[in-house]
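The values are calculated or read from the model by the stated rules, or taken from the named source; none is laboratory data. These figures come from a predicted structure and were not determined experimentally. Quick reminder, even Gly has a Cβ in these numbers, built from the backbone with ideal geometry, and neighbours come from all protein chains shown. Protein only, heavy atoms only, side chains kept; ligands, DNA and RNA dropped before computing areas. Shrake-Rupley method; radii C 1.70, N 1.55, O 1.52, S 1.80 Å.
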Amino acid sequence: MSRITPADVRKVAQLARLDLPEERIATYSDQLETILDYVAHLQAVDTEGVPPTTRAVEVVNVTRADRVSPTQVREELLDLAPLREGDFIRVPRIIVS
C-alpha cells in the first residue's frame, strides 16, 4: 500500500495553491512515493564521521588587489562623449528642482 494517497496529493496541492488536473493525481502520487523511497534509502547511509558540507567542491573567490594606474586612453575616451566639459563628460540634468 502506498504511503502517499491521492488525498495527500490533493491536500498538498491545495496548500501550495496549485490547480492540479485530476488525471495527474495518480502520477504525482507515484512520483512522490518514489521520492520518499529515495529519501529513506539515503537515510540508511552511514554518515558517521563525515563532516557536513554545503558543496561537493569548495568554491573560493579569487580576487586581486585594487591598484590605481594611469591610463593611456583617457583623452580618447573623453573625446568619444557627446558633450565634454574639461576633464568631465557632461550629461543632461536628471534632478528637477
Those residues of segment 41-57 which are open to solvent by less than 100 Å² (accessible area, probe 1.4 Å) and either farther than 30 Å from V9 by Cβ or more than 27 Å from the chain's Cα centre (by Cα) (or both), in sequence order: A44, V45, T47, G49, V50, P51
Taking P70 as the residue in question, decide whether it is modelled with pLDDT under 90, out of contact with any His (no Cβ under 9 Å at 6 or more places or on another chain) and not hydroxyl-bearing (S, T, Y). yes
Kindly evaluate E33 against the criterion of being exposed (fewer than 10 other Cβ atoms within 10 Å of the Cβ), at pLDDT 90 or above, not aromatic (F, W, Y) and not in a loop (DSSP other than H, G, I, E, B). no
Could you check segment 10-25 and list, in sequence order, the residues that are charged (D, E, K, R) and assigned to a helix (DSSP H, G or I)? R10, K11, E22, E23, R24
When both residues are 6+ apart or on different chains and their Cβ atoms are under 7 Å apart, which pairs have a first residue that lies in segment 59-71 and is among the basic types (K, R), and a second that is part of a loop (DSSP other than H, G, I, E, B) and surrounded by 10 or more Cβ atoms within 10 Å (Cβ to Cβ)? none
Inside segment 8-25, can you point out the residues that are of a type in the set (A, V, I, L, M, F, W, C) and open to solvent by less than 60 Å² (accessible area, probe 1.4 Å)? V9, A13, A16, L20, I25
